[in-house]
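Take a look at the structure set out below.
The values are calculated or read from the model by the stated rules, or taken from the named source; none is laboratory data. The structure presented is a predicted model; accordingly, all values stated were derived computationally and were not measured. Counting neighbours? That spans all protein chains shown, and the Cβs are built from the backbone with ideal geometry, glycine included.
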Amino acid sequence: MKQEIYSCLKMLEALYAKVLNTVNINGFAAAYNLGKEYLRIRGLLEKHLTEGQFDFIPIINEADFSGYYQNMEKEKAQRGYLISLATVCDISISFLKSLEMNLDKELAKQKIELKLKKEELEQKERENNHMQKLLSKSLEAIKEFPEYQRSKFVEGIKKSHREIEKNTNKETKSQNK
């Protein structure tokens, strides 16, 4: 991509961001000047793109809001113009970015993205397996908990029985004497 085309791409990206920001803050009065800036960048592109390439850069008519007498109608027209301007900027940006890409680069990029997604999926699967094992062990421990409590209770009863038996044996021995 030629330096001039790359510069126009960067200017279009900045203009696109400015147009979106202008719509978001309802700064519709800037519509005329933003439209003129797009047309200026488009004129620069016409000098540096081939005729076939330039056909992909959309045109937008220069704005004329002088015929609107009511402020609400004028703002509505300006808003519509800004939305159209955002669309043509976005299309132009997409086309210019496609000039620096070829199918091999695009395929290589997609392979890298696919590999990263696969690795991420494998990592999540390992985490999932680990969590399932942990959950199984926890479930076993929970199932054994009542048995553990019962055995502790039985152990306590046996201990108290032994003490009673021991005390009874001591009493029996002391009575026999």
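Pull up the range 27-58, narrow it to residues that are part of a loop (DSSP other than H, G, I, E, B) and out of contact with any Leu (no Cβ under 8 Å at 6 or more places or on another chain), then point me to the one that is surrounded by the most Cβ atoms within 10 Å (Cβ to Cβ).
First, pick out the residues of the range 27-58 that are part of a loop (DSSP other than H, G, I, E, B): 27, 49-50, 55-58.
Still in the list and also out of contact with any Leu (no Cβ under 8 Å at 6 or more places or on another chain): 27, 49-50, 55-56, 58.
Numbers: GLY27: 15, LEU49: 20, THR50: 7, ASP55: 10, PHE56: 15, PRO58: 15.
Step by step, filter the range 27-58, then rank; the result is LEU49.
From (1) in contact (Cβ under 8 Å) with a residue 24 or more places away in the chain; (2) loosely packed, with under 15 Cβ neighbours inside 10 Å; (3) over 20 Å from LEU20 (Cβ atoms), pick out the condition that doesn't hold for ILE83.
The single condition ILE83 does not satisfy is (3).
Could you go through the range 13-26 and let me know if any residue there is part of a helix (DSSP H, G or I) and over 34 Å from the mean Cα position of the chain (by Cα).
Filtering the range 13-26 for residues part of a helix (DSSP H, G or I) gives 13-24.
Now restrict to residues that are over 34 Å from the mean Cα position of the chain (by Cα): none.
No, the conditions are met nowhere in the range 13-26.
Does LYS124 meet the test of being within 30 Å of SER98 (Cα to Cα) and at pLDDT 90 or above? First the steps, then the outcome.
Numbers: within 30 Å of SER98 (Cα to Cα): no; at pLDDT 90 or above: yes.
Criteria not met by LYS124.
Suppose we filter LEU45, LEU99, LEU49, LEU85 for residues that are within 17 Å of MET11 (Cβ to Cβ), aliphatic (A, V, I, L, M) and modelled with pLDDT under 90; which single one remains?
On the way: LEU45 fails: modelled with pLDDT under 90; LEU49 fails: modelled with pLDDT under 90; LEU85 fails: modelled with pLDDT under 90.
When all the criteria are applied, what remains is LEU99.
Looking only at residues that are more than 17 Å from PHE95 (Cα to Cα) and either touching a residue at least 24 places away in the same chain (Cβ under 8 Å) or among the charged types (D, E, K, R) (or both) in the range 1-24, which one is surrounded by the fewest Cβ atoms within 10 Å (Cβ to Cβ)?
LEU20
Yes/no per residue for (1) hydrophobic (A, V, I, L, M, F, W, C); (2) free of Cβ contacts under 8 Å to residues at least 12 places away in the same chain; (3) in a helix (DSSP H, G or I):
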{"position": "PHE65", "(1), (2), (3)": "yes, no, no"}
{"position": "MET72", "(1), (2), (3)": "yes, yes, yes"}
{"position": "SER98", "(1), (2), (3)": "no, yes, yes"}
{"position": "ILE142", "(1), (2), (3)": "yes, yes, yes"}
